[in-house]
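Working notes, structure below.
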Amino acid sequence: MSQDPTVRVERWTLQSRISILAAAIILAILATGPFFFGNNAIDKLTTLFIYVILAVTWNALAGYGGLVSVGQQAFFGLGAYAAVRLADAGLNVYVSLVLAAVIIAAVSLPISSFMLRLRGGEFAIGMWVVAELCHLLVNLDSLVQGETGTSLIALNAYDADTRHALNYWVALGSMTAILVILFVLLRSRIGSAIQAIRDNEEAAASLGVRVMGTKRIIYVFAAFGAALAGALWLSTAITFQPKTYFGVQWTAYMIFMVLVGGLGTFEGAILGALIFFLIETWFGGSGVWYLIGLGATALVFSLFVPRGIWGWLERRFGLGLLPLGYRILGVPSATRMQTPDDGGIGAAPSVGTP
Amino acid sequence: MSLLEIRNLDVRHGLLQAVRGVDLSVEKGETIALVGANGAGKTTLLRAIAGAHLPAGGNVRFGGTDITLVPSHSRVGLGIALVPEGRRLFSQMTVEENLILARSAGRKGPWTLDRVFEAFPNLVPRRKAKAGNLSGGEQQATAIGRALMTNPEILLLDEVSLGLSPLAVDRVYASLDTLIHGGTTIVLVEQDLRRAMRVADRIVCMLEGKIVLEGKRGEITREQVSEAYFGLGIAKGRLSA
């Protein structure tokens, strides 16, 4: 697109260079966490990392890919289940967690070939059906003993302090890996392609975008993330009861985090996870009212701030911490390639976030 | 050698066979109008040429190479551009941005932003307008312009007049005239027989998935096409399907 000599395309800005550096420093500091924090704080942070994985991968699917799924708990549950199975087969428990996610990503591939034929609401509900089906199938396994569930007994091999620290590091490492993979993915040709498909599938196809293959990449990535989160959750919760893992509340949390943080913005999903984590910490004990509050907040955001807190900030202050998109500089127009707009899902801008 | 050669093509929508054993050749520089009633298989045939729908049988050759199984995203790069039914623009982007995007197909050729605006002068004042805010006719012009920006060897137009006011249709066809006389190879699907017979070099009439009548402009009459269109000829036993 740089055929016109008067136009300059910029990807990295000073702001984004500083942000990436800051993110790297924060991650490096977090990596030393277990040497300073108590077990309670470590567990809390581990939970936060899992929330970030959930939010970021759901956002990749719905916010960037336009594929709104209410059935990501299928992969969350399957990830935990596969980890139980692998650990039971004698594999090292932490290797099991990561390998489980890889296996479930492979499982999601054949699922994608029929689910991606569905569109919009049909895809969303179809995914929920898949989740229920997976739930029932897992219940048939005698190791799980139906709804009674089982535990990740193999974690006994580590004493409590080591276990907390290992959980923390594996979760932190997983989160970092997911963020880096998504960042690279969205900056690549695939990133532009998936957003073009989200904005208008037929238009994208008529420009030579490979529709099915691109959707599949993002779908499998999201499945991998949810499965990894499920397996990590298992390592902190230890018990595996199908009902808790295959519950639709997981997707409800993901939707909440992404809607509040900013649908279709990379930074927004992370912010959303942080907000959700804080709300849960402060109000999680207040039972039903906590859930009502979550629902009401999500509702208010989807009605009045459809691009979430980050989307609003980005628009108001021209922020762009991560260099995902393209900035077009100079003549013929100083405007950027795309302008954020407050459409809902599917009406978001193309080509990339600035 | 023809630019596009279709031999014995079968295309299915699941159990429904939408295109049955169709043979069609398109010469370079020719304009062909596909006419026929709803459900005759015109759009399906067009989409099969564009690769949006892979055929169940038969083959498609383009510029001498067999492209029957080439996926649609690679066909754009080969020079086959489809303007899908219903325009399908990126509604949040401007006209200019929609056009520039088509450069990503990576084909060099005579079509540039300036030439598209020359061919569609009604788009010039709307250059910076969001595609979603355009009138139907302007959107159609943008969609055609975007396809041209890929510098296609062949342009496939699906139902360009659908949902447009008669005035807007006139404008779109006026600019199509420029393309037709400029030597662009075009296959267009058109419901409006009168318009189809006015612009096309050749009329191809489909019925129930088959080509039932084919002829050069001036060699076939409107009555003949109408009969084929509704399958009346078959009832009388005059046309062999």
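The values are calculated or read from the model by the stated rules, or taken from the named source; none is laboratory data. Model, not experiment: these values are computed from the prediction. No Cβ is skipped: glycine too gets one built from the backbone with ideal geometry, and neighbour counts run over all protein chains shown. Note: areas computed on protein heavy atoms with side chains; ligands, DNA, RNA excluded. Shrake-Rupley method; radii C 1.70, N 1.55, O 1.52, S 1.80 Å.
Annotations for the structure displayed:
- Across the accessible surface of the protein assembly as shown, with the other protein chains kept in place and a 1.4 Å probe, carbon and sulfur atoms take up 61 percent.
- FRET efficiency, 1/(1 + (r/R0)^6) with R0 30 Å, evaluated for residue A:274 and residue A:237 via beta carbons: 0.90
- Using heavy atoms of the protein chains and a probe of 1.4 Å, the accessible area assigned to residue A:158 is about 60 Å².
- Taking A:175, A:257, A:115 in turn, the Gaussian network model of chain A (Cα-Cα springs below 10 Å) assigns the largest fluctuation to A:115.
- The Cα center of region B:132-156 and the Cα center of region B:39-96 differ in position by 15 Å.
- Since only A:321, A:58, B:51 are under comparison, the one whose Cα sits farthest along the positive direction of the charge dipole of the protein assembly as shown, derived from C-beta charges on Lys, Arg, Asp and Glu, is B:51.
- Rg to Rh, two decimals, where the protein assembly as shown supplies the alpha carbon set and Rh follows Kirkwood: 1.05
- Per-residue surface analysis assigns residue B:72 an accessible area of about 30 Å², computed on protein heavy atoms at 1.4 Å probe radius.
- Taken along its principal axes, the alpha carbon cloud of region A:1-134 reaches lengths of 60, 49, 23 Å, longest axis first.
- Equivalent-ellipsoid semi-axes of region A:184-313, from the Cα gyration tensor, Å, largest first: 30, 20, 12
- Among B:206, B:110, B:186 - extreme Cα towards positive end, dipole of region B:4-236, charges at beta-carbon: B:110
- Whole-angstrom gap from region B:161-228 to region A:22-99, using each part's C-alpha centre: 58
- Accessible area (Å², per residue) of chain A, counting only protein heavy atoms and a probe of 1.4 Å: 42
- For a straight C-alpha distance cut-off of 22 angstrom, the lysines reachable from residue B:108 (same-chain residues fewer than eight places away being disregarded) are B:28.
- Entry comment: accessible area of region B:4-236 is 40 Å² per residue, from protein heavy atoms only and a probe of 1.4 Å.
- Remark: accessible area buried at the B-A interface is about 2000 Å², both chains counted, probe radius 1.4 Å.
- For region A:8-329, the alpha-carbon coordinates run over 58, 46, 39 Å along the three principal axes, in decreasing order.
- Charges were assigned to the Cβ only: +1 to each Lys and Arg, -1 to each Asp and Glu. The resulting dipole of the protein assembly as shown about its Cα centre is roughly 960 debye.
- Proximal aspartates and glutamates relative to residue A:44, as straight alpha-carbon distance under 17 Å, when same-chain residues fewer than 8 apart are discounted: A:161, A:280
- Dipole magnitude for region B:29-146: about 200 debye, using +1 per Lys or Arg Cβ and -1 per Asp or Glu Cβ, origin at the Cα centre.
- Region A:88-219 shape via C-alpha gyration tensor axes, a/c threshold 1.5: oblate
- A simple charge model with +1 on the Cβ of Lys and Arg, -1 on the Cβ of Asp and Glu and nothing else charged puts the dipole of region B:4-236 at about 440 debye relative to its Cα centre.
- Residues of region A:177-221 that bury at least 50 Å² of accessible area when the other protein chains are present, relative to the chain alone (probe 1.4 Å, heavy atoms, ligands and nucleic acids excluded): A:200, A:202, A:206, A:207.
- Antiparallel DSSP beta bridges within the protein assembly as shown, percent to nearest 5: 60
- GNM top mover of A:110, A:242, A:34 - chain A, alpha-carbon springs below 10 Å: A:110
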